[in-house]
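Since the structure comes first, as structure tokens, the remarks are kept for the end.
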Amino acid sequence: MSRVLVVEDESAIAELVSINLRHAGYDVVIAATAERAQLEVDRELPDLVLLDWMLPGASGLQLARRWRGEARTRELPIIMLTARNEEADRVGGLDAGADDYLTKPFSTKELLARMRAVLRRKAPEALDSAVEVAGLRLDPTTRRITRLIDGQSREVKVGPTEFRLLHFLMTHPERVHSRAQLLDRVWGDHVFIEERTVDVHVKRLREALGPVHCAALIETVRGAGYRMTQTPAAAAA
Ligand code: CA
């Protein structure tokens, strides 16, 4: 389930947005101040942030700038919400690193559509679309992983963590992910888990993928991390 952080000091709006997002299947956390929002992000990276422009204390704009400046939060999908609609503000929000911009009041339908568009671009693992890499297919809706071998669909059984890990790797193919990045994006917590944990789950995942000849799709990049590739090196096994 995708986790959305709603940063909004007007509780009526925060509540309304959360109810609608929960209804649409999102897991929602509300923060009424910039400080609270920062704590939530430190604790666990959300899949997306709905960020109000006008907040008590640090503004949404400052928060967006800060997050864009830090490695851990640089890719965090952010949609800014604002009551103002002047062109200058819109430009300011996008300059600060917001991925999109919604002017209050907005419809739930529009909000959900914008969220899906931003997620598709920046965090496709947070969506429920099926994904395929080198014949290996993963469907988040049915939670099935399959591969066609000799015209037969063979199913791969993995645990929930391996499933999330494979989903993340498949939605970001060919890119190298460090263990810390994988902990943030797959486990959602970089503080309390050892990086070695990633290796354990990658090993389990490769073992599960072995019977369908897909273990080599997950490459170890020495000194850097892991990568899902369409074209495994011949030597990899
Ligand atoms: Ca506000």
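The condition of being in contact (Cβ under 8 Å) with a residue 12 or more places away in the chain, within 14 Å of the ligand (Cβ to nearest atom), among the small types (Gly, Ala, Ser) and out of contact with any Gly (no Cβ under 6 Å at 6 or more places or on another chain) holds for residue 83. Residues of the range 4-35 that are more than 13 Å from the ligand (Cβ to nearest atom), surrounded by 17 or more Cβ atoms within 10 Å (Cβ to Cβ) and not β-branched (Val, Ile, Thr): 5, 18, 21, 26. Against the numbered list (1) modelled with pLDDT under 90; (2) within 12 Å of the ligand (Cβ to nearest atom); (3) surrounded by fewer than 21 Cβ atoms within 10 Å (Cβ to Cβ), residue 55 comes up short only at (3). Against the condition modelled with pLDDT of 95 or more and either more than 26 Å from residue 28 (Cα to Cα) or assigned by TED's automatic domain parsing to the domain that holds residue 28 (or both), how does residue 196 come out, does it pass? No.
Out of 92, 69, 97, 135, which single residue is not assigned by TED's automatic domain parsing to the domain that holds residue 43 and not charged (D, E, K, R)? I'd like the intermediate steps shown before the answer.
Numbers: 92 fails: not assigned by TED's automatic domain parsing to the domain that holds residue 43; 69 fails: not assigned by TED's automatic domain parsing to the domain that holds residue 43; 97 fails: not assigned by TED's automatic domain parsing to the domain that holds residue 43.
None of the others qualify; the one that does is 135.
The values are calculated or read from the model by the stated rules, or taken from the named source; none is laboratory data. Small disclaimer: the values here were computed from a predicted structure and weren't measured. Heads up, the Cβs are rebuilt from the backbone with ideal geometry, glycines too, and the neighbour counts pull from every protein chain shown.
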